[in-house]
Amino acid sequence: MPADIHGILLLDKPLGLSSAGAVARVKHLFNARKAGHTGSLDPLASGLLPICFGEATKFGTQLLEADKTYRVTVRLGERTPSADRESEVIETRPLPEFSPEQLQRALAAFPRDYQQIPPMRSALKQDGRPLYEYARAGITRERSARSITIHELKLLDWQAPNLSFDVRCTKGAYIRVLAEDLALQLGTIGHLAALRRIGVAPFAAERQWTFEALESLSMPQRHEVLLPVDAALCACRRFDLPVSGVSAFRQGQTVSVAAELPGNAPGTVRIYAAGLGFLGLGEFEAAGLLRPLRLISSAANRA
C-alpha cells in the first residue's frame, strides 16, 4: 500500500523521459501516495526537476514561480520548425566567423527585459485547444508576447556551429525561442541543440539524484535524501509562533501576536513552533495579526 511521504526530491531527469513519466517512476521508487513536479522539462531536456511529496505539494507554487537556470547549446546556421531537435532541419545558412569576443558582446547586449512570443509548438491553449494541435494541422495562431526577465547570460564555449551558454531567467521562458532570437541578433538562424536545467531557485548547489543512484539505495536511504517540506521557502522570513497561539493558528484562525515581538512586519512568513517545527505559511497583517495561509498536517512537521 502506498505510504504518506513528505519532502522534496531534487531529481536529475534524464533525456527521453517526460516530467509526468519521471513523477510516476519516482512515486513507484518511493512507494509514495502523493507526488508532483514543479515545472515541467521536455523529454529533450535533462536536469533538475524538483518533485514534491505529500504535504510539500502545498508549496509547489513557490518553485513554479521561481527563477530557473539552464545550460544551453544553440546550433547556429540551421533552422527547424520546432526550434529544437524534435524536427528536421529545413534551412541552412553559411556562418560568419564569429569570435568569442563578438559572441560575448551579443550575449551582453541581449535584452534583459525580454518580450518573448510563445512558439506554436507549445501547450498554451487558445479557444480550448493547445497550440501544438493547431501547429500539427498547419494552422498558425497569433500569440501575445510575454514579459520575461533575463538575469544573466554567460558564454561557456564556441565550437562552430555550436554556441554554449548559461542563462538565468524568470519563469515561463521558452529556451528554444531564446535560441532563435539570439541567432537572429547574430544575423543568422539557429535552433536549440541541447538543454539542461541546472537550477531552480533556491536549489542549485544541492545534490541532484539520478534514477540509477536512487535505485541503488534501500527504501530508508531513499527517504533520507528528501529535503524537508519547507526547503523551498527560504526566501520567506521565519517567525517562531509563541505556544499560546499555536492551537488557534493550526485551526485556521487569525491570531494576535504582541507588537513588541520581532519579525511581525507585514508580509508572508514561515511559521514554526517550539517542539513542533514547521507549521506552514502565514501572513502578518496590521496590528500584529497573523493569518494562516497554508498549513501542513501534524504528521509532516519537521524542524
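The values are calculated or read from the model by the stated rules, or taken from the named source; none is laboratory data. On a predicted model such as this, the values are computed, not experimentally measured, just so you know. We place every Cβ from the backbone using ideal geometry, glycine too, and count neighbours over all the protein chains shown. The accessibility values were calculated without ligands, DNA or RNA, using every heavy atom of the protein model including side chains. Shrake-Rupley method; radii C 1.70, N 1.55, O 1.52, S 1.80 Å.
Table for the structure above
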quantity: Conditions (1) at pLDDT 95 or above; (2) open to solvent by 40 Å² or more (accessible area, probe 1.4 Å); (3) touching a helix residue (DSSP H, G or I) at 6+ places or on another chain (Cβ under 7 Å); number of the one not met by L49; calculated: (2)
quantity: Residues satisfying the stated conditions in the stretch 63-81, i.e. of a type outside the set (D, E, K, R), buried (at least 19 other Cβ atoms within 10 Å of the Cβ) and closer than 20 Å to G172 by Cβ; calculated: L63, A66, T69, Y70, V72, V74
quantity: Some residue of the stretch 146-156 being surrounded by fewer than 11 Cβ atoms within 10 Å (Cβ to Cβ) and in contact with an Asp or Glu (Cβ under 9 Å, 6 or more places away or on another chain); calculated: yes
quantity: Number of positions in the stretch 226-256 that are open to solvent by 20 Å² or more (accessible area, probe 1.4 Å), out of contact with any Phe, Trp or Tyr (no Cβ under 6 Å at 6 or more places or on another chain) and not hydroxyl-bearing (S, T, Y); calculated: 15
quantity: Exclusive hit being touching a helix residue (DSSP H, G or I) at 6+ places or on another chain (Cβ under 6 Å) and among the basic types (K, R), set K68, K34; calculated: K34
quantity: Any hit, the stretch 21-36, residues being open to solvent by 50 Å² or more (accessible area, probe 1.4 Å) and touching a Gly at 6+ places or on another chain (Cβ under 8 Å); calculated: yes
quantity: Strands (runs of 3 or more DSSP E) wholly inside the stretch 107-199 that include at least 1 residues being over 13 Å from V74 (Cα atoms) and of a type in the set (D, E); calculated: 113-116, 146-159
quantity: Breaking point among (1) at pLDDT below 95; (2) in a strand (DSSP E or B); (3) more than 20 Å from Q115 (Cβ to Cβ), for A231; calculated: (2)
quantity: Cβ pairs under 8 Å, 6+ apart, first in the stretch 45-74 and in a helix (DSSP H, G or I), second among the hydroxyl-bearing types (S, T, Y) and open to solvent by 30 Å² or more (accessible area, probe 1.4 Å); calculated: E55/S297
quantity: Residue under evaluation P94, criteria (1) in contact with a strand residue (DSSP E or B) (Cβ under 9 Å, 6 or more places away or on another chain); (2) without any contact (Cβ under 8 Å) to a residue 24 or more places away in the chain, criterion not met; calculated: (1)
quantity: Number of the exception - Q251 against (1) farther than 30 Å from G77 by Cβ; (2) of a type in the set (S, T, N, Q); (3) in contact (Cβ under 8 Å) with a residue 24 or more places away in the chain; calculated: (3)
quantity: Count of the stretch 82-112 residues which are acidic (D, E) and open to solvent by less than 80 Å² (accessible area, probe 1.4 Å); calculated: 2
